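Worksheet: the structure to be examined is printed underneath.
The values are calculated or read from the model by the stated rules, or taken from the named source; none is laboratory data. Please read all numbers here as calculations on a predicted model, not as lab measurements. Cβ atoms come from the backbone with ideal geometry, glycine included; neighbour counts cover every protein chain shown.
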């Protein structure tokens, strides 16, 4: 888990259900309610665990699974918000470069604020100098 995102689960937001596990285990499985199901109300996420014979271990495992799912959900939210911010920056009013071909020849990069006079080379695809200027300006 990433240290930037802290997942805390409020006890009033979850419901614990304890029930008898299924599968191998004989009389112990049939008599004890060792399986755990946790429902997280705000997100609707449901996790369940019946791997262990102990209810406490199953509850700890289920809580860990729930935290991991909530972490993934929070990570997706953060990634989608950064994508939306990046997309909002792109628009008609945000140009990277301007090309002036008459009456004089010049290419000006708005990101690095550098003007280049070798327009023919840039139009032929030689933009290494422009890219270097942008990288230096952003650093």
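Values computed for the structure shown
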quantity: Helices (runs of 4 or more DSSP H) completely within region 45-139 that count 1 or more residues being closer than 30 Å to residue 15 by Cα; calculated: 55-89
quantity: Residue match in region 43-61 (condition: out of contact with any helix residue (DSSP H, G or I) (no Cβ under 7 Å at 6 or more places or on another chain) and at positive phi); calculated: yes
quantity: Scan of region 60-72 for residues that are over 14 Å from residue 6 (Cβ atoms) and either out of contact with any strand residue (DSSP E or B) (no Cβ under 8 Å at 6 or more places or on another chain) or free of Cβ contacts under 8 Å to residues at least 12 places away in the same chain (or both), ordered by number; calculated: 60, 64, 72
quantity: Filter result (in contact (Cβ under 8 Å) with a residue 24 or more places away in the chain and not in a loop (DSSP other than H, G, I, E, B)) within region 5-16; calculated: 13, 14, 15, 16
quantity: Residue that is nearest to residue 57 (Cα to Cα), among those in region 1-23 that are at pLDDT 85 or above and surrounded by fewer than 10 Cβ atoms within 10 Å (Cβ to Cβ); calculated: 11
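Here is a yes/no grid of residues against (1) loosely packed, with under 12 Cβ neighbours inside 10 Å; (2) at pLDDT below 90:
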position	(1), (2)
25	no, yes
68	no, no
111	no, yes
128	yes, no
